[in-house]
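Derivation of every value follows stated rules applied to the coordinates shown; laboratory data play no part. Since we're looking at a predicted model, the values are computed, not measured. Glycine gets a Cβ as well: all are built from the backbone with ideal geometry, and neighbour counts include every protein chain shown.
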Amino acid sequence: MFAIDFTESAIEDMRSFSKTDQVLIFDAVEQQLTHQPLTPTRSRKPLRPNDLSQWEVRVREYRIFYDVDESTAHVIVKAVGVKQRNVLFIREREYRL
């Protein structure tokens, strides 16, 4: 079982979301990333090399970006954004992967 850690930046990213959406995101992280976070699924995939993270999980229009430290069994959630059509926004600013 993997422990989940949110970076300060990821927590800041979520402040603009409604409380309902924040709970949705926290529940999805707990459900999908505590067991086998390195297994690709329909909503979870590895990313091409970038400056943000190695993995992404999709929950409705939200995108959760994370890295996994297998040696310590930790998942580090690094950013949370919202995708509108083909554009990703993190803290209401357009972000390109």
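Using modelled amide H (1.01 Å from N, peptide plane; none on Pro or chain starts), what sits under 5 Å from the amide H of Arg63, excluding residues fewer than 5 places away?
Gly81, Val82, Lys83
Can you give the charge dipole size of the chain about its Cα centre, rounded to the nearest 20 debye, using +1 on the beta carbon of Lys and Arg and -1 on the beta carbon of Asp and Glu?
Working: 15 positive and 15 negative charges, 116 e Å.
The dipole magnitude comes to about 560 debye.
Please work out how much length the chain gains when fully extended from Ser43 to Phe89, using 0.36 nm per residue of separation minus the C-alpha to C-alpha distance, in nm with one decimal.
Additional length available on full extension: 14.7 nm.
Any chance you could give the angle, 0 to 90 degrees and rounded to 10, that helix 19-33 forms with the longest Cα principal axis of the chain?
Relative to the chain, helix 19-33 is tipped by roughly 30 degrees.
For Lys83, Lys19, what's the fewest-to-most ordering of other Cβ within 10 Å of each Cβ?
Final ranking by Cβ density, sparse to dense: Lys19, Lys83.
Go through the range 39-56 residue by residue and turn each phi into a ³J(HN,Hα) via Karplus (6.51, -1.76, 1.60, θ = phi - 60°); whole Hz please, and just put x for glycine and proline.
Couplings: 9, x, 9, 4, 10, 10, 8, x, 9, 5, x, 7, 7, 8, 7, 9, 9, 9 Hz.
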